[in-house]
Amino acid sequence: MTAKADFSPAEWERLLEAPVLAGMVISMSSPSLMGAIGESMAIAKTIAASGQQAAGNELLTAMLADFQNKETAQLAKPHFDTKDKAQLKQEMTGRLQMAVDLLNEKATADEAQGLRQWFYQVATNVATATKEGGFLSIGAVRVSDAEKAALVELAGIFGVEATLPES
C-alpha cells in the first residue's frame, strides 16, 4: 500500500489538484456561464460522493480526507500565470500528466489505476453535468462534441478506456 507520506508536499499537491484539473479541461472545452457553474458543482459533488470508491485505496482515502479539510482542500485549487486559453489547456494537461507519472512511479499498480480511473470519472461527471448549446435548452445536448474530444484526450493521459456518455 502506498501512503500520503510517500509523496513530497509538492507531489501531493499535484495529486490533489488532478481531479479539479480534469474537470476544468472539460469545462474549458465547451465554455458557458451556466455550464461552468453546474460543472464546478459536479467536481465538488463527485469528490464528496466518492467515499465508497475509496475502499481499499489508501491514496484515494487520504485525498478525500484532505478535500474535507478546508486548509488542505485549498491545495487542490490550481493557480495559473496565463490567461491564454491554448497555453492554459496545455499547462493543465501537462500537470495531469505529471500526476499520472507520480502515481505510476510511486503507487501500486492497483492504486494508480484506481486513481486514474477516478480522475476520469470526475471528468465524465463534469461533461454530463449540464446541457450544452441550443437556445433555451432546445437543441441542447448533454455532452458536446468538444467535451467528447476532451474526454478522449483525458482517457489517453490517464491510461483508461474512453467511455463517452451519450449526447
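The values are calculated or read from the model by the stated rules, or taken from the named source; none is laboratory data. Computed from a predicted structure; not experimentally measured. Neighbour counts are summed over all protein chains in view; Cβ atoms, including those assigned to glycine, are modelled from backbone coordinates with ideal geometry.
Pairing residues of the range 136-151 that are surrounded by 14 or more Cβ atoms within 10 Å (Cβ to Cβ) and of a type in the set (Asp, Glu) with residues that are in a loop (DSSP other than H, G, I, E, B) and modelled with pLDDT of 85 or more, at Cβ distances under 9 Å and at least 6 apart in sequence or on separate chains, gives Glu147/Thr128. Annotation: Phe80 fulfils all but one of (1) assigned to a helix (DSSP H, G or I); (2) of a type in the set (Phe, Trp, Tyr); (3) closer than 26 Å to Ala146 by Cα; the unmet one is (1). Going through (1) out of contact with any Pro (no Cβ under 8 Å at 6 or more places or on another chain); (2) β-branched (Val, Ile, Thr); (3) closer than 23 Å to Thr46 by Cα one by one, Thr128 falls short only on (1). Within the range 54-72, count every residue that is in a loop (DSSP other than H, G, I, E, B), at pLDDT 80 or above and surrounded by fewer than 19 Cβ atoms within 10 Å (Cβ to Cβ). Number of matching residues: 1.
For the range 87-121, a residue qualifies if it is outside any helix (DSSP H, G or I) and surrounded by 21 or more Cβ atoms within 10 Å (Cβ to Cβ), and exactly one does: Ala107. Ala22 passes every criterion in (1) modelled with pLDDT of 80 or more; (2) under 15 Å from the mean Cα position of the chain (by Cα); (3) surrounded by fewer than 16 Cβ atoms within 10 Å (Cβ to Cβ) apart from (3). Summed over the range 48-72, the residues that are touching a residue at least 24 places away in the same chain (Cβ under 8 Å) and under 16 Å from the mean Cα position of the chain (by Cα) give a count of 7. Checked against the criterion of being among the polar types (S, T, N, Q) and farther than 20 Å from Gln121 by Cβ, the candidates Thr82, Thr61, Thr93 yield just one match: Thr82.
Which is of a type in the set (Gly, Ala, Ser) and modelled with pLDDT of 85 or more, of Gly51, Gly38, Gly94? On inspection, the qualifying residue turns out to be Gly94.
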